[in-house]
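Okay, here's the structure, questions in a sec.
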Amino acid sequence: MRRLICAVTLILACAQSVSAQTAYPMLMSLKPVAVQVGTTSEITVNSRYSMHAAESVLITGGGVLAEVIPPEVTKVDKAPNVLALKIKFVVAADASPGVRDLRVLTAQGVSTVAQLVVVEDPVIAENPKNDTVVEAQPITLPATVCGCIEKAEDVDFYKFKIDAPTSLIFHVRSQRLQDRIHDLQAHSDPILTIRNAQGSTIAASDNAFFADPFLSHRFEQPGEYLLEIRDVRFTGNQYWEYAVEIHSRPFVRTAYPLAITAGKESKLTAIGYQLPADPSVTLTPASDLPLGINRLRLPFAQRPSNPVPLYVTALPTIAETTEDNNAPEKVITDLKSEISNLKSQITIPCVINGRIESPGDIDCFAFEAKKDDKLSFEVKARRLQSELDSTIRILNSTGATLAENDDARFGKRGSADSWIETWTAPADGKYVLEIRDMHLRGGDSFVYAIEVAPARPYFNLQADTDKTNFSPGVNGVMWVKVERKNGFTGAVQLHVDGLPAGVTAECGRILPDKGTDGCIVFKATPEAGRAVSPIVIRGTAVQAQADGQMTELSATATTYQETYQPGGGRGHWPVEQHVLAVIPAHDIRGIKLSAADITLKPGESKTIDVTIERAPDFKANISLDVTMTHLSLFADTLPPGVTLDGNKSRTLLSNGATQGTITLTASKEAAPIERQLIGLTANISLNFVVKTTFSAEPVFVTVAKP
């Protein structure tokens with residue numbers, strides 16, 4: 001589990017009564033959005049919905065401590081609406097640069113995620129009056145300039161002086177900082193321009209890292225220059241923050257090879273800008289480094305590089321041959337002669353390290369397979385900051401295409417990387433794996449790693465959402481979906497790691513075959529106090545092998561934060577942690593059920609009476625449910641054949657109503673099942689997309705044998 005640094009909790013006055021329809025804070029921006037290593041600084045967090053009674057700050061990674069600065073409160077008769085909150089940050093000198101997830105814990109609950117940038121140079125905050133060349137804000141380099149494209153037609157100017165010929169890096173982070181901002185529907189699309197003192201353009205960058213600009217420029221003439229940044233569409237938003245890192249140090253975009261082995265020495269060549277004359281380094285990653293993508297700093301002689309994404313694998317790594325492997329026809333000709341002598345032959349399993357060296361380059365690799373062998377071919381490139389937009393093909397010995405893929409999908413997000421999963425060999429024979437850039441581009445930074453391995457059964461888990469706010473007497477619930485792969489059909493038992501003292505979890509299961517989804521119900525005792533903790537959601541299962549032996553499978557859930565899509569849709573974006581927060585009594589003070597252990601015969605219906613204890617003066621609508629449904633269905637934990645009978649249920653409690661019912665009906669064909677955990681929830685809508693969800697005690701549904 002990733003490390004979490006919690007701020008020192010402040011001593012607060014007693015939380016005041018929670019008003020109607022209380023919302024957890026939705027963080028919108030940080031101003032400035034960056035902090036420098038080895039310094040202490042203040043940042044203002046801007047939120048939608050109040051951060052009143054903020055207690056602590058949670059930041060992923062290590063080396064960053066934060067403390068809430070209590071706002072001045074002038075009204076003591078009710079909770080003030082705190083939409084801007086100052087936070088003091090203490091950043092260690094050895095804190096790793098990069099982007100961190102940040103949350104604020106309040107009496108209303110733990111907030112959504114905001115993004116904090118840790119940088120190496122002094123942070124300069126924007127002067128609001130810098131919208132013209134005449135008003136250009138003077139800056140001293142190196143620096144990280146932080147500002148905001150806050151309104152339509154906003155153009156920010158900064159002026160800097162060059163005393164001698166030098167090369168500078170300009171690295172913009174803006175659009176990428178907004179992906180996880182829950183309630184920010186429109187995102188910035190910045191463009192960066194460098195002008196001379198006369199206003200002439202000498203360099204510009206638009207889209208380099210997704211929509212964010214990046215520029216490396218050599219200044220030959222001493223003098224004064226202007227940095228201009230704006231939205232390319234001349235639009236703006238009060239939450240469109242940016243950070244522009246400006247320095248003369250090397251910047252590593254990626255490296256070759258991309259795939260390395262933990263605990264084993266690797267020879268790497270850095271790929272980027274303003275690199276040493278010899279950009280090669282020797283890296284020995286820690287032996288306990290987790291498998292997968294890790295951001296590591298390359299050990300240059302003067303100082304470590306910026307963190308670079310590399311793929312850590314336990315499989316053998318194979319480097320692309322220096323022989324000609326640029327045409328499938330040649331490889332196929334060699335296949336027909338003698339595959340054992342072919343330089344581009346690979347042995348499975350492995351990870352191939354390669355590069356599309358020039359425009360139009362195509363790399364081909366030969367392999368052998370037996371009839372009905374199931375293999376997977378996964379490209380790791382764009383996710384590792386390679387410029388490659390890969391496309392891959394599998395060809396037989398006659399050159400016929402058997403399978404191909406351009407863009408892959410991982411969980412709920414798409415990727416420019418390619419993935420042919422569970423390809424089945426049609427016959428014993430020799431085959432070719434081909435990779436190229438989709439647009440026939442190429443160059444030093446078009447590197448790739450292709451993982452080639454037998455397609456074994458496994459599963460992935462997806463958790464919605466990224467936070468659970470609950471209190472003693474009112475439980476919390478989270479929902480987990482399974483994505484079954486390569487013939488896995490078994491049941492998945494859910495688990496939770498990292499529960500704080502005073503909090504327990506009833507972990508459900510995901511039924512086999514097409515089955516249902518799963519849920520976990522959290523309960524806090526009064527002794528839990530104001531607990532807050534990141535947790536890890538896991539799943540375990542067993543799978544029968546061809547020889548009859550049983551193998552245990554496991555997976556850690558990817559946590560998704562909901563995002564407000566343009567037009568009102570509900571999207572998802574992966575974040576690093578799921579956070580539990582035990583908070584004071586909320587709008588719903590209690591949920592009582594007439595029964596929590598339901599047994600249904602096929603064709604039978606049963607009703608659960610639900611009694612809601614509301615907070616004083618809380619009259620807003622409450623909706624009851626047994627699925628995670630909001631704009632679309634995310635999870636349904638009911639056993640197959642069991643449904644919520646809407647005609648016989650009372651699920652909408654309006655005008656302060658406290659009595660509702662849930663009627664469950666088993667179809668005549670419902671299969672027997674023992675004690676399936678379901679989540680019975682009470683929901684309060686905050687807006688069209690967002691709702692606050694609380695859970696009753698764990699409910700178990702059994703379908704009896706006919």
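The values are calculated or read from the model by the stated rules, or taken from the named source; none is laboratory data. Note that this is a predicted model, so its numbers are computed, not measured. Note: ideal-geometry Cβ built from the backbone for every residue, glycine included; neighbour counts use all protein chains shown.
Being at pLDDT 95 or above, in the same structural domain as residue 36 (by TED's automatic domain parsing) and over 30 Å from residue 226 (Cα atoms), is that true of even one residue in the range 68-82? Spell out how you get there, then give the answer.
Here is the first cut: in the range 68-82, the ones at pLDDT 95 or above are 68-69.
So of that shortlist, the ones also in the same structural domain as residue 36 (by TED's automatic domain parsing) come out as 68-69.
Checking which are over 30 Å from residue 226 (Cα atoms) leaves us with 68-69.
Yes, the range 68-82 contains at least one residue that is at pLDDT 95 or above, in the same structural domain as residue 36 (by TED's automatic domain parsing) and over 30 Å from residue 226 (Cα atoms).
What residue, among those in the range 571-602 that are at pLDDT below 95 and part of a loop (DSSP other than H, G, I, E, B), is surrounded by the most Cβ atoms within 10 Å (Cβ to Cβ)?
So the residue we want is 583.
Within the range 693-706, take every residue that is within 37 Å of the chain's Cα centre (by Cα) and surrounded by fewer than 20 Cβ atoms within 10 Å (Cβ to Cβ) and give me the one that is nearest to residue 49 (Cα to Cα).
Residue satisfying both the conditions and the ranking: 697.
Quick one: in the range 652-690, of everything that is crowded, with 19+ Cβ neighbours inside 10 Å and either small (Gly, Ala, Ser) or assigned to a loop (DSSP other than H, G, I, E, B) (or both), which residue is modelled with the lowest pLDDT?
The residue in question is 689.
Any residue at all in the range 141-163 that's touching a Pro at 6+ places or on another chain (Cβ under 6 Å) and either loosely packed, with under 15 Cβ neighbours inside 10 Å or outside any strand (DSSP E or B) (or both)? Outline the logic, then answer.
So in the range 141-163, the residues touching a Pro at 6+ places or on another chain (Cβ under 6 Å) come out as 143, 146, 159, 162-163.
Restricting the remaining residues to those that are either loosely packed, with under 15 Cβ neighbours inside 10 Å or outside any strand (DSSP E or B) (or both) gives 163.
Checked the range 141-163: at least one residue is touching a Pro at 6+ places or on another chain (Cβ under 6 Å) and either loosely packed, with under 15 Cβ neighbours inside 10 Å or outside any strand (DSSP E or B) (or both).
State which residue pairs qualify: first residue within 17 Å of residue 48 (Cα to Cα) and inside the range 83-105, second residue among the charged types (D, E, K, R) and assigned to a strand (DSSP E or B) in any location, beta carbons under 9 Å apart, and separation of 6 or more residues or different chains.
Between residues of the range 83-105 that are within 17 Å of residue 48 (Cα to Cα) and residues that are among the charged types (D, E, K, R) and assigned to a strand (DSSP E or B), the close pairs are 83/48; 84/31; 86/42; 87/42; 87/67; 103/467.
Please enumerate the residues belonging to the range 193-215 that are under 18 Å from residue 160 (Cβ atoms) and either part of a strand (DSSP E or B) or touching a Lys or Arg at 6+ places or on another chain (Cβ under 7 Å) (or both).
193, 194, 195, 196, 201, 202, 203, 204, 205, 214, 215
Residues of the range 298-308 being more than 15 Å from residue 384 (Cβ to Cβ), out of contact with any Lys or Arg (no Cβ under 8 Å at 6 or more places or on another chain) and surrounded by 13 or more Cβ atoms within 10 Å (Cβ to Cβ), which ones?
Of the residues in the range 298-308, the ones more than 15 Å from residue 384 (Cβ to Cβ) are 299-304.
Add one more test, that the residue is out of contact with any Lys or Arg (no Cβ under 8 Å at 6 or more places or on another chain), and what stays is 299-302.
Answer for the range 298-308, where residues must be more than 15 Å from residue 384 (Cβ to Cβ), out of contact with any Lys or Arg (no Cβ under 8 Å at 6 or more places or on another chain) and surrounded by 13 or more Cβ atoms within 10 Å (Cβ to Cβ): 299, 300.
Looking at 636, 625, 645, which one is within 26 Å of the chain's Cα centre (by Cα) and in contact (Cβ under 8 Å) with a residue 24 or more places away in the chain?
Values: 625 fails: within 26 Å of the chain's Cα centre (by Cα); 645 fails: within 26 Å of the chain's Cα centre (by Cα).
Just a single option satisfies the conditions, and that option is 636.
Now, a different point. Within the range 344-390, can you find the residues that are in a loop (DSSP other than H, G, I, E, B) and within 18 Å of residue 310 (Cα to Cα)? I'd like the intermediate steps shown before the answer.
In the first step, residues of the range 344-390 are kept if they are in a loop (DSSP other than H, G, I, E, B); the result is 344, 346-349, 356-361, 370-373, 381, 385-389.
356, 381, 385, 386, 387, 388, 389, listed by residue number.
Sticking with this structure for a sec: Just give me the residues in the range 524-570 being of a type in the set (Val, Ile, Thr) and either in contact with a Phe, Trp or Tyr (Cβ under 9 Å, 6 or more places away or on another chain) or assigned to a strand (DSSP E or B) (or both), in sequence order.
Restricting attention to the range 524-570, the residues satisfying the condition of being of a type in the set (Val, Ile, Thr) are 525, 532, 535-537, 540, 542, 551, 556, 558-559, 563.
532, 535, 536, 537, 540, 542, 551, 556, 558, 559, 563 - these are the residues of the range 524-570 that are of a type in the set (Val, Ile, Thr) and either in contact with a Phe, Trp or Tyr (Cβ under 9 Å, 6 or more places away or on another chain) or assigned to a strand (DSSP E or B) (or both).
For (1) among the small types (Gly, Ala, Ser); (2) part of a loop (DSSP other than H, G, I, E, B); (3) within 20 Å of residue 320 (Cα to Cα); (4) under 27 Å from the mean Cα position of the chain (by Cα), each residue gets a yes or a no:
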residue: 255; (1), (2), (3), (4): yes, no, yes, yes
residue: 269; (1), (2), (3), (4): no, no, yes, no
residue: 276; (1), (2), (3), (4): no, yes, no, no
residue: 294; (1), (2), (3), (4): no, no, no, yes
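Here is a check on your reading of the model: is residue 539 surrounded by 23 or more Cβ atoms within 10 Å (Cβ to Cβ) and within 28 Å of the chain's Cα centre (by Cα)?
Working: surrounded by 23 or more Cβ atoms within 10 Å (Cβ to Cβ): yes; within 28 Å of the chain's Cα centre (by Cα): yes.
For residue 539, the condition - surrounded by 23 or more Cβ atoms within 10 Å (Cβ to Cβ) and within 28 Å of the chain's Cα centre (by Cα) - is met.
For the range 251-268, which positions are under 30 Å from residue 162 (Cβ atoms) and surrounded by fewer than 21 Cβ atoms within 10 Å (Cβ to Cβ)?
251
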